């Protein structure tokens, strides 16, 4: 059942699966539906206490409160504030820690997908006492913007796709769903399942809390993670990865065009003792056909 907790001045929507006495696992994505119900239930059946939540301004979580940190003028945060994003990546890390605190959890096995992987990395670096183990899925060791020269950038066809998108009527369900299915197809791997992707996108769309805010803003946050494009994500952390002490598992799609595989390989090479699991035929996605491998790896890693 979903519930709301006040964390750092923001009402976040949180849901748990399983027995609180079991090993806690914090799942960090964009909305909580990054992690499908059935996947969470499978992990819970294997004696894991699953905690998932909506990031601020997505799903049913409240729009962001004023920022927790003070930034000087003429910084990237100025652009973020002008866009209505008045929080930083470090604020989202504080939110993740707050979710654990709200559930009385001193530490958890932390799993981050995509941009959630940035939050998970920083949680392990800045608040290591909260991280029993770390799992990074489809992410990279650098924030938005040009990647480091030794790491692969977004695939050119992905950039061409997103650079040439047609206008979307964010108030029209069919328009939004077709737009996002096209994006998912571009980000998927050789085994992309359009029907499965469509069902997930429709659920995210229909769950969005659009009662008190602009539908387009809400849905762009839920479905595109647009806040990260303008958010202050500094300072860099890649150079600190060697100090991660949590046992780390890196999972990456072989066909990922958004954060190509070399990014996952770099994470596994630069975090001491990290293990890399590559998902064949998989892009920037977590489709049902990968769950057997994913669940097995997560259960082993969190034991």
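In this structure, is residue 157 closer than 19 Å to residue 272 by Cβ and loosely packed, with under 15 Cβ neighbours inside 10 Å? Step through it out loud before you land on a result.
Working: closer than 19 Å to residue 272 by Cβ: no; loosely packed, with under 15 Cβ neighbours inside 10 Å: yes.
Answer is no for this residue.
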Open item on the list: One residue is enough: does segment 151-159 have a residue meeting the conditions in contact (Cβ under 8 Å) with a residue 60 or more places away in the chain, within 23 Å of residue 299 (Cα to Cα) and assigned to a helix (DSSP H, G or I)?
Closed with: no
Open item on the list: Can you name every one of the helices (runs of 4 or more DSSP H) wholly within segment 197-277 that holds 3 or more residues which are surrounded by 15 or more Cβ atoms within 10 Å (Cβ to Cβ) and modelled with pLDDT of 95 or more?
Closed with: 261-270
TODO: Check 45, 23, 102 and return the single one that is over 29 Å from residue 235 (Cα atoms), in contact with a strand residue (DSSP E or B) (Cβ under 6 Å, 6 or more places away or on another chain), surrounded by fewer than 22 Cβ atoms within 10 Å (Cβ to Cβ) and modelled with pLDDT of 95 or more.
DONE: 23
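The values are calculated or read from the model by the stated rules, or taken from the named source; none is laboratory data. Treat the numbers as computed from the prediction; the structure is a model and nothing was measured. Quick reminder, even Gly has a Cβ in these numbers, built from the backbone with ideal geometry, and neighbours come from all protein chains shown.
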